[in-house]
Amino acid sequence: MWNIEITRQQAAYTVAGIVGTGIIVRFLSGIHRRHKSKLKRSVKQNALKESVTSLKASLEKLKVSEEHVQEIITLSTDDLITQIKSGQLKSVDVLHAFQIKALQGHTEYNIITDILTEAEDTARQLDVQPEKDGLLYGVPISIKDNYHVKGYDSTAGFVCCLDDPLPEDAVLVKVAKNQGAVPFVKTNVPQSYLSFDCNNPIFGQTCNPWDKSRTPGGSSGGEGAIVACKGSPLGLGGDIGGSLRIPAALCGVCTLKPTIGRLSGKGTHGITSGQTAILSSYGPMARDMDTLVLAMKAFLVPHMFKLDPAVPPIPFQNEI
């Protein structure tokens, strides 16, 4: 047996050295994590800027007149669909008009978190399809950050959720696409979603289109803002404590908070896994009530009930 004797002073030095080393390691680890987070945030911000710049350049080459844009975006949703199905308008032209308005709104109010690059191809495919079915045929739609879209992040404003593209669409996104809708952007939210503002460390502050010094509300603030500035005729949002209703009120647009479980929330990003005491409601935001009614009719179909058996299979009730 080794007989090792140390003095109290030596023991104190040893303990201090171990503790000091631990503190230094933790300090350096913290610096590394912060540097990594800052780098990820910067990469995402630059990628968004490049996507916006690229889309702007593409749209400018088309030389779409402001008058033509106004003619399209001022049509009711029903008229848009009717004219697309009849061939009077092309789905891709409608998409371009709303992309132009959405980018103008983003420049002013900081609304967009992702440009969905496949939207152009989707719209062109709709234009050549012989059968033009679907209640939302050719309608461009915007999507709140928390909805999963295949190939894109859902961040909740957290850097740790960057670089984690989702493998498939949320159920409501699938149903919207099946009804002929064209998802074309994802929109900003407050960090963690649980806020009445619309600000996070990745994408920054979204402003109210009626007054840039004021908030559009949250957490569906990006949706409220893009609909208010006529950048989207219809959007998907969510509500747990006012997240649809508050942005709609502050931005002067229409929304509906359905009964919890009426529309599927499968494939949405939550930050409180396993929490079932207070559940979210998922619903549409739009520029008018007729579009909300149309959206509910489009979502409450057998396709959604099949994709999410947890949703009661109750169709839209016209008598109500």
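The values are calculated or read from the model by the stated rules, or taken from the named source; none is laboratory data. Not measured: the values here are computed from a predicted model. Because the Cβ atoms are built from the backbone with ideal geometry, glycine has one as well, and the counts that use them run over all protein chains shown. Please note that ligands, DNA and RNA were not included when accessible areas were found on the heavy atoms of the full protein model with its side chains. Shrake-Rupley method; radii C 1.70, N 1.55, O 1.52, S 1.80 Å.
Worth a mention:
- Considering the conditions (1) under 16 Å from residue 114 (Cβ atoms); (2) surrounded by fewer than 12 Cβ atoms within 10 Å (Cβ to Cβ), residue 19 is excluded by exactly one of them, (1).
- Among the residues listed as 108, 120, the single one being acidic (Asp, Glu) and either assigned to a loop (DSSP other than H, G, I, E, B) or in contact with a Pro (Cβ under 9 Å, 6 or more places away or on another chain) (or both): 108
- Those residues of the stretch 203-248 which are β-branched (Val, Ile, Thr) and within 25 Å of residue 266 (Cβ to Cβ), in sequence order: 226, 227, 240, 246
- Residue check, residue 65 surrounded by 12 or more Cβ atoms within 10 Å (Cβ to Cβ) and not aromatic (Phe, Trp, Tyr): no
- If you check 222, 242, 265, 237 for being touching a residue at least 24 places away in the same chain (Cβ under 8 Å) and either over 21 Å from residue 114 (Cβ atoms) or touching a His at 6+ places or on another chain (Cβ under 8 Å) (or both), only one passes: 242.
- Residue 239 falls short on exactly one of the conditions (1) of a type in the set (D, E, K, R); (2) at pLDDT 95 or above; (3) open to solvent by 10 Å² or more (accessible area, probe 1.4 Å), and that condition is (3).
- For the stretch 287-304, the criterion of a residue being open to solvent by less than 10 Å² (accessible area, probe 1.4 Å), within 29 Å of residue 94 (Cβ to Cβ) and among the charged types (D, E, K, R) is satisfied by no position.
- Condition met for residue 250 (surrounded by 19 or more Cβ atoms within 10 Å (Cβ to Cβ), in a helix (DSSP H, G or I), out of contact with any Gly (no Cβ under 6 Å at 6 or more places or on another chain) and among the aliphatic types (A, V, I, L, M)): no
- Considering residues of the stretch 258-268 that are of a type outside the set (S, T, N, Q) and surrounded by fewer than 21 Cβ atoms within 10 Å (Cβ to Cβ) only, the residue nearest to residue 307 (Cα to Cα): 266
- Among residues of the stretch 123-146, those that are in a helix (DSSP H, G or I) and among the β-branched types (Val, Ile, Thr), counted: 1
- Test for residue 95: is it in a helix (DSSP H, G or I), open to solvent by less than 40 Å² (accessible area, probe 1.4 Å) and under 30 Å from residue 162 (Cα atoms): yes
- Scanning the stretch 159-194 for residues that are buried (at least 17 other Cβ atoms within 10 Å of the Cβ), part of a loop (DSSP other than H, G, I, E, B) and at pLDDT 95 or above returns 169, 170, 179, 180, 181, 188, 189, 190, 191.
- The set of residues from the stretch 180-198 being in contact (Cβ under 8 Å) with a residue 40 or more places away in the chain and more than 16 Å from residue 283 (Cα to Cα) comprises 180, 182, 184, 185, 188, 192, 194, 196, 198.
- When 174, 150, 186, 144 are screened for being of a type outside the set (A, V, I, L, M), touching a Pro at 6+ places or on another chain (Cβ under 9 Å) and within 16 Å of residue 116 (Cα to Cα), only 150 passes.
- Residue count for the stretch 119-139, restricted to those that are of a type in the set (A, V, I, L, M) and under 15 Å from residue 185 (Cα atoms): 3.
- The stretch 258-288 - residue that is aliphatic (A, V, I, L, M) and assigned to a loop (DSSP other than H, G, I, E, B) and, of those, nearest to residue 156 (Cα to Cα): 271
- Apart from one condition, residue 230 fits all of (1) part of a loop (DSSP other than H, G, I, E, B); (2) open to solvent by less than 60 Å² (accessible area, probe 1.4 Å); (3) more than 21 Å from residue 308 (Cβ to Cβ); the exception is (2).
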